[in-house]
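Structure first, commentary second.
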Amino acid sequence: MQKIILKINSIHKMNKQIAVLPGDGIGPEVIAEAQKSLQAIEKIRGHKFTYVPVLGGAAAIDACGNPMPDETVDICKQSDAVLFGAFGSPKYDNDPNAKVRPEQGLLAIRKRLELFANIRPIYTFPALIHKSPIKKEIVDGADFVVVRELTGGMYFGMKGRTEDGKSAFDTNLYSVYEIERILKCAYELSLKRRKKLLVVDKANVLASSRLWRETAQRMSKDYPEVETSYMFVDNASMRIVTTPKDFDVMVTENTFGDILTDEASVITGSMGLMPSASIGVYTSLFEPIHGSYPQAAGKNIANPMAAILSAAMLLETGFGLKEEAQIVTDAVNKALADGIRTEDIAEGKAYGTKEVGDYIAKVILETK
Ligand code: IPM
Ligand code: MN
């Protein structure tokens, strides 16, 4: 039996290239810890991952004036996955005249890698349930996924000012092709979960939402096993904090998804724990949702768990290594349970970014 298992494992040994884009602020620190966990997985399972560091965000503006250099896009396209930290720097935030901003690098990489589906899982951590500002009985057991469209809508539609400069507009443009593509992704995910898909829109007011709903109604016939339902975004935003356990997979457009996922993050008790995946046409990108948090940069205080859980998503969603992903997730839960936590979630002694990362990597290495 032992021999057979060993054989199966060796067949599944993987050789993969990962583009590592740490970015700005706490990005480099948390990504270094995520990489430690991936290296621990390589060791215990015999995979070979090659890490190619690339530049982006404020770091790239400083180096070459462009927050998303062509070279970075090319290397990412050729890689099997991208491990991403965060972009953003106060140097540019506080300057309304800045012509280039790190965030443009983020939008550029989304568009150029066609990272159209942003998957943000929302679940609770047993050791942190009491940290959520929402009552325990409401959040305990909540487990859903928001599928946010990431390359369309107001973020990328026609925008500008009128000639007199006294009015401005952003166009919420969506094509049937884009809507079908993201809905297909959400339906496929629903089939792997509890087979309940909620389409969140504002079809009582917006023409773009009516196209979403029309498209979903048509596609729902191709997925008879999945129960499709619809909700207006204002109502959904209320339900996320009142009845989060009702949800399984929620799919929505770019702007609504941006807002709803920040709101949903309060369910977990800490933004420092939330990973995400952006599924693309060429490759997929994995990133913590917490951002660059510049005030904490270089202080060894940032929570690396969201980045480490993003590495777990990379293993599962990017490489199909479900068991390895579970090993990483279990190690994070063990660190939480053992009180090896950074100051944002510490109870008693707070540990540094590196110490938490080392602990988690050690737990992984000890896994049989
Ligand atoms: C996110 C962020 C970005 C977004 C910003 C930084 C452009 O808030 O990833 O959710 O709005 O998409
Ligand atoms: Mn956001």
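Computed values, structure above
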quantity	calculated
Charge dipole (debye, nearest 20) of the range 137-283; +1 at Cβ of Lys and Arg, -1 at Cβ of Asp and Glu	300 debye
Of all accessible heavy-atom area on the chain, the percent that carbon and sulfur account for (1.4 Å)	55 percent
Residue-by-residue Karplus 3J(HN,Hα) for the range 202-210, coefficients 6.51, -1.76, 1.60, Hz, glycine and proline x	9, 5, 6, 10, 9, 5, 4, 5, 5
Accessible area of the range 298-368 divided out per residue, in Å², using a probe of 1.4 angstrom	42 Å²
Inter-part distance where the range 312-368 and the range 158-237 are each reduced to a Cα centre, Å	35 Å
J(HN,Hα) series, the range 227-237, from Karplus relation 6.51 cos²θ - 1.76 cosθ + 1.60, nearest Hz, glycine and proline x	8, 9, 9, 10, 8, 6, 5, 5, 5, 4, 5
All-pairs Cα distance distribution in the range 133-267, expressed in whole percent, bin size 5 Å	2, 10, 20, 21, 19, 13, 8, 5, 2, 1, 0
Residues in the range 105-140 reached by a label modelled at Tyr177 [backbone nitrogen below 17 Å; 7 Å Cα→Cβ]	111-117
Amide H partners (placed H, <5 Å) of Gly339, local residues excluded	none
Selected from Leu309, Ile345, Phe87, residue furthest toward positive end of dipole (the chain; charges at beta carbon)	Leu309
Calculated P(r) tail over 41 Å for the chain, as whole % of Cα pairs	11 percent
Net charge dipole size for the chain [Lys, Arg +1 and Asp, Glu -1 on Cβ; Debye, nearest 20]	880 debye
q = 0.16, 0.19 Å⁻¹, the range 34-129: log10 I(q)/I(0) [Debye, one scatterer per Cα]	-0.84, -1.01
Solvent exposure, largest accessible area first (probe 1.4 Å, DNA, RNA and ligands not counted), of Arg194, Arg120	Arg194, Arg120
When each of Lys36/Lys334; Lys43/Lys299; Lys16/Lys36; Lys91/Lys166; Lys16/Lys322 is checked by Cα-Cα distance, pairs over 19 Å	Lys43/Lys299; Lys91/Lys166
Cβ-based charge dipole, the chain, positive-most Cα from Ala236, Pro133, Thr329	Thr329
Per residue value of the accessible surface for the range 133-267 (all protein chains in place, 1.4 Å probe), Å²	49 Å²
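The values are calculated or read from the model by the stated rules, or taken from the named source; none is laboratory data. Just so it is clear, the model here is predicted, and its values are computed rather than measured. Note: ideal-geometry Cβ built from the backbone for every residue, glycine included; neighbour counts use all protein chains shown. All accessible areas refer to the heavy atoms of the entire protein, side chains included, with ligands and DNA or RNA removed. Shrake-Rupley method; radii C 1.70, N 1.55, O 1.52, S 1.80 Å.
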